[in-house]
Structure formats: C-alpha cells, structure tokens
Amino acid sequence: MKKKLIAITMAALMAASMTACGGKEEAPETAAKETETKATEAGSEAESKEETEAAESEAAGGVLVMATNAEFPPYEYHEGQEIVGIDVDIAKAIAAELGMELEIEDVAFDSIIPEITSGKADIGLAGITVTEDRKGSVDFSDTYAKASQMIIVKEDSEIAGPEDLKGVVVGVQLGTTGDLYVSDLEADGTTVERYNKGFEAVQALSQGKIDAVVIDGEPAKTFVSETEGLKMLDEAFTEEEYAIAVKKGNTELLDKVNAALASLEEKGTLDEIIGNYIKAE
C-alpha cells in the first residue's frame, strides 16, 4: 500500500513537472508571434508613410522630363555642353509654373513619341507638328507656335516651288512632317533621302548628292545662312502648328501644361522667349 502511494505521488509530480515544462515552451512561440505581428504592423505603417510622402512630393512638384532632339535651331540645339533654344526655354517656364524641375533627354527625333508612350519622358518638345497620325499615339497641348515647311535648294537650281519637287531627289529629317509630306510625292517619282539630322540633309545638298531639302522654316534660315551657295525658296511647302506631346490619356498633366501655356501667353512670356531667338524681319 505504501509503495503504491509513493508511486502515485511520483506520477503526480512527474505530470506536474511536464505541464510546467510545456508552459515554458509555449512562451517563446507566443513572443515570436507577437514580434512578427508588431513587425508586420510596423512595415505596413512604414509603407503607408512612404506612399503618403511620395504622393505629397508629387503634388508639390517633382521632376518634369522633356524629350527633345537638339538638332533643330533655334528651337533646340547645343551651345557647348548645354541644350538651349525656344522649346527649352518654354519647357523651363512651364516647369516653373508647375513648381517642378526640368530634366532634358536628347534623343533621335523619331524616338520622342516612343519615349513618351513608354513613360520615360513626360512631355515632348522639338518643333513637333500636330498631325492625325501622331494624335493616334499621343495627346497634344494647345498650339504654342506656328511654322512652315520650307524648301532649300542650290542658288543655281531650277526648282522654284513645291510643284518642281516631283521627280527629283529630296532630303528630309527622318520622322519629321517634312518626311511625312514629301513621302506623298514618291508616287509622282520623287526620291526621298532620309537623314537622322537636318544638317546632314543640308550637307548632302551642298555636296550635290540631292536636289532639295524640305525642313522647318527657322532651321532652314539658320542652315542657309551658315552654308554658302544655298537659298530658301519664298513659297512654303506646307503651313503647320507646333504643340507639346503628352502621353495619351494623361489628362491631368495635359490640363496643367495647357494652364501653364495660357499663363505664359497672358504674361507675354511666350512672345518674349520666341523673340529672343527669332527677330522680326
């Protein structure tokens, strides 16, 4: 009987000991779960804070990325290591109106719209003419300048106007409206030579490799003044308007750009910028 009682007592003590041990093992697991929960909550709070700060930063301004092709004086061109010109000054003025910092990306002209559609750039300024084809890829701001596609020929050329471009060799800058409009003449036997830069087309004309160049009026004046033996015809090939390209559907940015343009026009800033580069004749 005494042995039995001792055995029962020992069994009870062992059970109590095991229960106590089990209680101690659960404590670290519970603590770990509590730590994990707190970490998750802290992470969510940090993420929420970052999102809020990002939204506040965006609302306050940020960086406005402009895609351009700095081979188009006086609208955009290189002056030493700096890109300057009408479009650059207008973009800077727009960025200032929006409380943003302007960043310029210099790319090939026919890469500007892809830069915008891919989201790499916010706006495109490069003497870009509004066309139905381009409107299928991007949205355009209100017009900020009017221009003409002009014809450059050698001084002794027999080409006197647009009608004389049929059946000859015409140089254009790839992807420009000059390229677009002159391409329509290919059905009439015109050969179109496309160049990555406008001055390359003018150089080819000067060297006698082509018969004429079709390019925007202001760059045409610059190229003719800098290249001996060339002239610009009086009659324009086409009349057109320049606007700012924005990613299709980004109405928020488009509205801001249009509001900035309206403000700059009202204050006379647009005329002042253009007047700094293009003198009245």
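Quick grid of which residues meet (1) outside the structural domain of Phe109 (by TED's automatic domain parsing); (2) more than 19 Å from His78 (Cα to Cα); (3) out of contact with any strand residue (DSSP E or B) (no Cβ under 8 Å at 6 or more places or on another chain); (4) not β-branched (Val, Ile, Thr):
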{"position": "Asp216", "(1), (2), (3), (4)": "yes, no, no, yes"}
{"position": "Phe223", "(1), (2), (3), (4)": "yes, no, no, yes"}
{"position": "Glu228", "(1), (2), (3), (4)": "yes, yes, yes, yes"}
{"position": "Asn258", "(1), (2), (3), (4)": "no, yes, yes, yes"}
{"position": "Ser263", "(1), (2), (3), (4)": "no, yes, yes, yes"}
{"position": "Thr269", "(1), (2), (3), (4)": "no, yes, yes, no"}
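Find all pairs meeting these conditions: Cβ atoms under 6 angstrom apart; at least six residues apart or on different chains; first residue within region 125-145 and at pLDDT below 95; second residue part of a loop (DSSP other than H, G, I, E, B) and of a type outside the set (Asp, Glu).
Filtered contacts from region 125-145: Gly127/Tyr75; Val130/Ala243.
Restricting to region 195-228, count the residues that are closer than 14 Å to Gln149 by Cβ, among the charged types (D, E, K, R) and within 25 Å of the chain's Cα centre (by Cα).
Number satisfying all stated conditions: 2.
Can you find, within region 82-117, the residue that is surrounded by the fewest Cβ atoms within 10 Å (Cβ to Cβ) among those that are closer than 20 Å to Pro219 by Cα and more than 16 Å from the chain's Cα centre (by Cα)?
Taking the candidates together, the pick is Glu82.
Take region 134-159 and flag every residue that is touching a strand residue (DSSP E or B) at 6+ places or on another chain (Cβ under 9 Å), outside any strand (DSSP E or B) and exposed (fewer than 13 other Cβ atoms within 10 Å of the Cβ).
If the condition is that a residue be touching a strand residue (DSSP E or B) at 6+ places or on another chain (Cβ under 9 Å), outside any strand (DSSP E or B) and exposed (fewer than 13 other Cβ atoms within 10 Å of the Cβ), then Glu155 is the only one that fits.
Within region 161-168, is even one residue touching a residue at least 24 places away in the same chain (Cβ under 8 Å), surrounded by fewer than 16 Cβ atoms within 10 Å (Cβ to Cβ), of a type outside the set (Asp, Glu) and more than 29 Å from Ile113 (Cβ to Cβ)?
yes
Somewhere in region 229-242, is a residue buried (at least 21 other Cβ atoms within 10 Å of the Cβ), closer than 20 Å to Ser148 by Cβ and of a type in the set (Val, Ile, Thr)?
No, because not a single residue in region 229-242 is buried (at least 21 other Cβ atoms within 10 Å of the Cβ), closer than 20 Å to Ser148 by Cβ and of a type in the set (Val, Ile, Thr).
Check whether at least one residue in region 124-133 is part of a strand (DSSP E or B) and over 30 Å from Ala93 (Cα atoms), and report yes or no.
No - not one qualifying residue is present in region 124-133.
The values are calculated or read from the model by the stated rules, or taken from the named source; none is laboratory data. Here the structure is a predicted model, which is why all the values come from computation and not from measurement. Heads up, the Cβs are rebuilt from the backbone with ideal geometry, glycines too, and the neighbour counts pull from every protein chain shown.
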